[in-house]
Amino acid sequence: MVTGEAAYSTLSPVQAAVGIAACGLRPEIPKDCQPNLRYIMTKCWNNTPSKRPKFSDILAILLQPYNNN
C-alpha cells in the first residue's frame, strides 16, 4: 500500500499465510514512510488483538496534520 506494490508478491498465498501466521512475516516498511503510518502499521501487526489500536485511535492519528519537517 505504501510502496504501490503487492505485499508478498514473490510468495504463493500459502507461503505468505504460513510466513505471517507462524513466523511473524511482515512487509518491509520503506525508510521514507511517514512516521504516523509506520506507527499504525507496526501497532496493527501486533499478534495480540487487544494490543492493536482501536479504529478511533487510528483515525485520530490519520487526521493529524502532516508535518513534513
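The values are calculated or read from the model by the stated rules, or taken from the named source; none is laboratory data. Remember, it's a predicted structure, so these values are computed and weren't measured experimentally. In this analysis, Cβ positions are derived from the backbone assuming ideal geometry, glycine residues included, and neighbour counts consider all displayed protein chains.
Scan segment 46-64 for residues that are assigned to a loop (DSSP other than H, G, I, E, B), at pLDDT 95 or above and within 16 Å of Pro35 (Cα to Cα) and report the count.
1
Under 7 Å by Cβ, and 6 or more places apart or on different chains, what pairs join a residue from segment 1-24 that is outside the structural domain of Ile40 (by TED's automatic domain parsing) with one that is in a helix (DSSP H, G or I)?
Pairs that qualify, where the first residue is outside the structural domain of Ile40 (by TED's automatic domain parsing) and the partner is in a helix (DSSP H, G or I), are Val2/Leu37; Tyr8/Ala16; Leu11/Gly19.
Give segment 29-58 a look and list any residue that's free of Cβ contacts under 8 Å to residues at least 12 places away in the same chain and exposed (fewer than 11 other Cβ atoms within 10 Å of the Cβ), or say none.
Passing the criteria: Lys31, Asp32, Pro35, Thr48, Pro49, Ser50, Lys51, Lys54, Phe55, Ser56.
Could you tell me which residue of segment 21-45 is modelled with the lowest pLDDT, considering only residues that are over 18 Å from Glu5 (Cα atoms) and touching a Leu at 6+ places or on another chain (Cβ under 9 Å)?
Asn36
Which residue out of Ala6, Ala16, Ala22 is of a type outside the set (Val, Ile, Thr) and surrounded by 13 or more Cβ atoms within 10 Å (Cβ to Cβ)?
Unique residue meeting the criteria: Ala16.
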